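J.: Let me give you the structure first, and then I'll get to my questions.
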Amino acid sequence: MQTVPTAPAPTATATAAQDGPAVAPRILTGDRPTGPLHLGHYFGTLRNRVRLQADGHELLLVIADYQVITDRDVADRPAEHAENLVLDYLAAGVDPERAVIFTHSAVPALNQLMLPFLSLVTVAELGRNPTVKDEIAHSRQSAVSGLMFTYPVHQAADILFCKPDLVPVGQDQLPHLETTRTIARRFNDRYGRGTTVFPEPKALLSDAPLVLGTDGTKMSKSRGNAIPLGADEDRTAKLIRAAVTDTDRHITYDPDARPGVAALLTLTALCQGRRPEQIAEEIGSAGAARLKQVTTEAVNEHLRPLRARRAELAADREQLRRILRTGNERANAIADTTLAEVRSVMGGI
Ligand code: TRP
């Protein structure tokens, strides 16, 4: 478990204002609305966002609906997926009173920032982005769309419109954050006349361990190896019972040689705040069937409060929609201010 600072008051960070009253550092991060969140999201980022908010950071969460059409032709039920993301955020403990949860498609001024931003990067630079290259290689489309190629610039607009201090991301998002920082720097150089219009946000790399799915590879919805946060206890048991293990009865923690067994041990360890080696030792020669029982109990017990909250929240879809509407209004107010400033420093365009 990570330690949570005890002082509730936000403290200034390297990026916060040096003088005057301490301002709560602003955090922006987000997700594509492609389906329900799973345990990989939970231990990877969700839990950390809740902690950051509890520590006093201002939290903005972008539901990146336009990003869904980067690697597929049409977005499948985008509004429903967006509402379900809100549901998973709240179930995990995000406080909707203090967070701004919004879909970027509902914020016109944010999208308009993409035009000047596009003028600040070269086609060659866009072509070198390793995450985009990887996504193109795995795309479901036969040709690369202009949006696929340029979405890191759109993501820069997602980020810079609210001038955050920190952007919590996984490793794969670092190239996009570099693009964002480059755009901020070039914008300031070209139009700022000595002032900083866009401070360069810092990446906050989570120290979360890689969460493996039920086949021993990275947990991901598209690999069909994920345990959704919203799954009930029976479904969780079924998914874990079907997990891939091996024929060695004696349970040991060996991620390289025994990825399937290691995946279950890691999940159990994360849920119980213990080390996977310790759990392996306790199970010893009781075999994979026992390990699966232990993992199922650990996951179900750990998620019980979250799932209870989730079920309660899920009963009121109108409330989820209201939270999103309010978030969109607040994001629009922020984006309008930023766009007005951008137009002003650019001489009116
Ligand atoms: N690209 C991110 C992903 O695929 C989602 C995202 C969109 C995002 N805009 C963002 C993440 C801004 C952090 C900040 O998961």
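The values are calculated or read from the model by the stated rules, or taken from the named source; none is laboratory data. Just so we're clear, the structure is a prediction, and the values are computed from it rather than from any experiment. Here Cβ is always computed from backbone atoms with ideal geometry, including for glycine, and neighbour counts include all displayed protein chains. Heads up: the accessible areas ignore ligands, DNA and RNA and are worked out on the full protein's heavy atoms, side chains in. Shrake-Rupley method; radii C 1.70, N 1.55, O 1.52, S 1.80 Å.
J.: Can you give the alpha-carbon Rg of the stretch 23-177 over 2.2 N^0.38 Å, where N counts its residues? Don't skip to the answer; put the middle values down first.
T.: Numbers: Rg = 15.5 Å, N = 155, 2.2 N^0.38 = 15.0 Å.
For the stretch 23-177, the normalised Cα radius of gyration is 1.03.
J.: On a C-alpha basis, how far is the centre of the stretch 240-319 from the centre of the stretch 119-133 in Å? Whole number, if you could?
T.: Rounded to whole Å, the Cα centres lie 40 Å apart.
J.: Find which of 205, 220, 192 sits farthest along the positive direction of the dipole of the stretch 112-236, computed with +1 on the beta-carbon of Lys and Arg, -1 on that of Asp and Glu, about the Cα centre.
T.: Working it through, the farthest residue towards the positive pole turns out to be 192.
J.: Same structure again: Does the stretch 250-296 come out rounded, prolate or oblate by the C-alpha gyration tensor, with a ≥ b ≥ c the root eigenvalues, rounded set by a/c under 1.5 and, if not, prolate when a/b is larger than b/c and oblate if not? Could you put the intermediate results ahead of the total?
T.: On the way: a/c = 1.38, a/b = 1.09, b/c = 1.27.
Here the stretch 250-296 falls in the rounded category.
J.: Please calculate how many Å² of accessible area the stretch 89-183 carries per residue, with a 1.4 Å probe and no DNA, RNA or ligand atoms counted. Working shown, then result.
T.: Details: 3730 Å² over 95 residues.
With the other protein chains kept in place, the stretch 89-183 gives 39 Å² per residue.
J.: Using the structure shown, select from 133/218; 133/292; 133/238; 218/292; 133/202 the pairs with a Cα to Cα distance greater than 28 angstrom. Don't skip to the end; give the middle numbers.
T.: Working: 133/218 19 Å; 133/292 37 Å; 133/238 36 Å; 218/292 18 Å; 133/202 23 Å.
Distance filter (> 28 Å) returns 133/292; 133/238.
J.: Okay, moving on. For a quick size check, give me the Cα extents of the stretch 256-336 along its three principal axes, largest first, whole Å.
T.: Extents along the principal axes: 60, 29, 18 Å.
J.: Provide the three semi-axes, in whole Å and in decreasing order, of the ellipsoid equivalent to the chain as defined by the square roots of 5 times the Cα gyration tensor eigenvalues. Display every interim value, and only then the final one.
T.: Details: eigenvalues 290, 100, 79 Å².
For the chain, the semi-axes come out at 38, 22, 20 Å.
J.: Tell me, what does the Kirkwood hydrodynamic radius of the stretch 213-349 come to in angstroms if you use every pair of distinct C-alpha atoms? Please list the in-between numbers first.
T.: Numbers: mean 1/r = 0.0559 Å⁻¹.
One decimal place: 17.9 Å for the Kirkwood radius.
J.: Sort the stretch 291-349 into rounded, prolate or oblate with this rule: let a ≥ b ≥ c be the square roots of the eigenvalues of the Cα gyration tensor; rounded if a/c is under 1.5, and if a/c is not under 1.5, prolate when a/b is larger than b/c, oblate otherwise. Display every interim value, and only then the final one.
T.: Working: a/c = 7.56, a/b = 2.61, b/c = 2.89.
Since a/c reaches 1.5 but b/c is at least a/b, the shape of the stretch 291-349 is classed as oblate.
J.: So what's the net charge close to residue 331: Lys and Arg +1, Asp and Glu -1, counting the other residues with Cβ under 12 Å from its Cβ? If you can, show how the numbers build up before the last one.
T.: Details: positive: 325, 330; negative: 158, 329, 336.
After counting each charged neighbour, the total is -1.
J.: Could you order 281, 233 by accessible surface area, starting with the largest, using a probe radius of 1.4 Å? Can you show the working numbers first?
T.: On the way: 281 150, 233 75 Å².
So, going from the largest accessible area down, we get 281, 233.
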